[in-house]
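Contents: one structure, followed by commentary.
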Amino acid sequence: MLKAVQWVDASLRILDQSALPRQVVYCDCHSHHDVAEAIRSMRVRGAPAIGVAAAYGMVLGALNYPDAVSGGIPCGGLAAWMDKVADDLTATRPTAVNLQWAVRRMLCRFSELTRESGGSPDFIRAGLLVEADRILEEDIEMNRSIGRYGNDLIPTCASILTHCNAGALATGGYGTALGVIRTAHESGKQIEVYADETRPLLQGARLTAWELMQDGIPVALVTDNMAGWLMQQGRIDLVLVGADRITANGDVANKIGTYGLAVLAHAHQIPFYVAAPASTVDLSLASGEGIPIEERHPDEVRCLGGDPGAPEGVRVYNPAFDVTPHRLITAMVTDRGVIRPPYDETLTAALGGKPLSA
Ligand code: MRU
């Protein structure tokens with residue numbers, strides 16, 4: 001199985017997604033700073049994958065203490081250092097809640113391990129690694145459940161439009177939206193995928209098309225502005241995307257362009273599905289208005305594949321995500337089952353009433 005991240009010899013090995021599909025290369029992160037850089041530069045990307053990477057970043061932070069701190073033991077000791085590591089990791093990308101969720105979970109485990117061991121650094125380090133491994137394994141399990149539940153929504157012969165990359169590359173493994181597509185394909189259904197190229201960073205073209213081709217799942221690449229025409233021509237049976245954050249009322253932040261697809265799907269009466277694990281749900285936010293939307297460097301829009309695609313210095317607005325209002329979402333596929341409107345009731349009920357990100 002394709003692995004976006006793996007723990008190898010006391011370091012985190014990341015499949016460098018910025019180099020795909022030109023090259024399959026890996027970079028090894030030896031410190032939490034390396035992990036933060038890999039997340040910021042999107043060598044590792046996708047909401048669940050950056051959560052998993054950050055969990056291992058916390059392990060690296062603990063392993064490097066106190067050597068990483070000039071002048072020896074920092075004021076406030078290991079606990080203060082781990083708070084700093086957590087802040088460095090969560091400051092990298094603001095929109096996907098999985099990142100904060102994973103870091104908070106690691107900090108909670110750190111507190112428990114500190115209490116259990118009386119503060120033994122070796123005991124704490126070993127326990128943190130076990131927790132990060134657990135987060136990774138649970139993510140893969142959640143994706144497999146999403147795949148099983150989501151498969152019930154897929155007709156035996158279906159043409160599916162997806163956006164960005166919500167695959168194995170974006171998760172611990174298997175994928176959310178692509179997990180559903182994988183399960184449907186594995187169960188013998190005749191699946192054909194249209195992958196939006198996903199400007200400006202081309203996650204659809206570079207990653208989704210590549211990932212599906214590796215598995216022999218039929219895929220056709222289209223530019224983002226073709227979606228309306230495809231729907232009008234009756235070529236799309238359903239739209240299926242991932243998510244970076246889902247709020248209590250069912251609003252969904254996902255890759256920029258998702259909202260436009262939801263509007264188009266609504267206009268053409270095509271089902272619009274979102275697939276995501278429980279770690280993407282943020283019940284502490286009432287609606288999508290509260291979701292911080294990351295803005296990225298203007299050069300990502302100015303350049304096309306590294307070449308200038310616009311006049312030098314042209315002003316650019318580059319939001320990396322948008323928010324799709326809950327009323328446009330037909331159903332959400334989670335690891336707890338398929339959830340349908342009214343989301344302000346069903347999401348909370350499915351997730352046990354506990355704000356997962358708190
Ligand atoms: O900016 P990216 O590539 O990290 O954005 C990723 C997405 O928007 C994905 O659709 C989302 O994280 C879901 S991944 C299972």
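Per residue, the average separation of C-alpha pairs within less than 8 Å and at least 6 apart gives the chain a relative contact order of 16 percent. Amide H contacts of Ala331: Phe272, Val274, each under 5 Å away and 5 or more positions distant or on a separate chain (H built 1.01 Å from N in the peptide plane; Pro and chain starts excluded). Provide the solvent-accessible area of Glu116, counting protein heavy atoms only and rolling a 1.4 Å probe, rounded to the nearest 10 Å². The accessible area comes out at roughly 110 Å².
Near Cys303, once Lys and Arg are set to +1 and Asp and Glu to -1 for all other residues with Cβ below 13 Å from its Cβ, the sum equals -1. Per-residue SASA remark: Trp229, around 150 Å² accessible (1.4 Å probe; ligands, DNA and RNA not included). Put simply, the amide H of Ser31, placed in the peptide plane, has no neighbours under 5 Å, leaving out anything fewer than 5 places away on its chain. Per residue, the Cα convex hull of region 1-147 amounts to 113 Å³.
A protection proxy built from the mean count of other Cβ atoms within 10 Å ranks the segments 280-292, 159-171, most packed first, as 159-171, 280-292. Computed from backbone phi, the HN-Hα couplings of region 196-203 come to 5, 5, 6, 5, x, 9, 6, 4 Hz, rounded to whole numbers (Karplus: 6.51 cos²θ - 1.76 cosθ + 1.60, θ = phi - 60°; Gly and Pro given as x). Computed from the C-alpha gyration tensor, the three semi-axes of the ellipsoid equivalent to region 63-193 are 41, 15, 10 Å, from longest to shortest. Principal axis analysis of the Cα atoms in the chain yields extents of 66, 51, 38 Å, listed in decreasing size. Taking other residues whose beta carbon is less than 12 angstrom from the beta carbon of Ser187, and scoring Lys, Arg as +1 and Asp, Glu as -1, yields +1. What the Cβ-Cβ distance of Ala126 and Tyr26 gives, at R0 = 22 Å and to the nearest 0.05, is a FRET efficiency of 0.35. If you count Lys pairs in the chain whose Cα atoms are under 27 Å apart, skipping same-chain pairs closer than 8 places in sequence, the total is 4. DSSP beta bridges fully contained in the chain are about 50 percent antiparallel.
Within the full protein context, the accessible area of Lys255 is estimated at about 20 Å² for a probe radius of 1.4 Å.
The values are calculated or read from the model by the stated rules, or taken from the named source; none is laboratory data. Fair warning: this is a prediction, and the values are worked out from it, not measured in the lab. As a convention, Cβ positions derive from the backbone with ideal geometry for all residues, glycine included, and neighbour counts pool all protein chains shown. Surface accessibility is based on the protein's heavy atoms, side chains included, excluding ligands, DNA and RNA. Shrake-Rupley method; radii C 1.70, N 1.55, O 1.52, S 1.80 Å.
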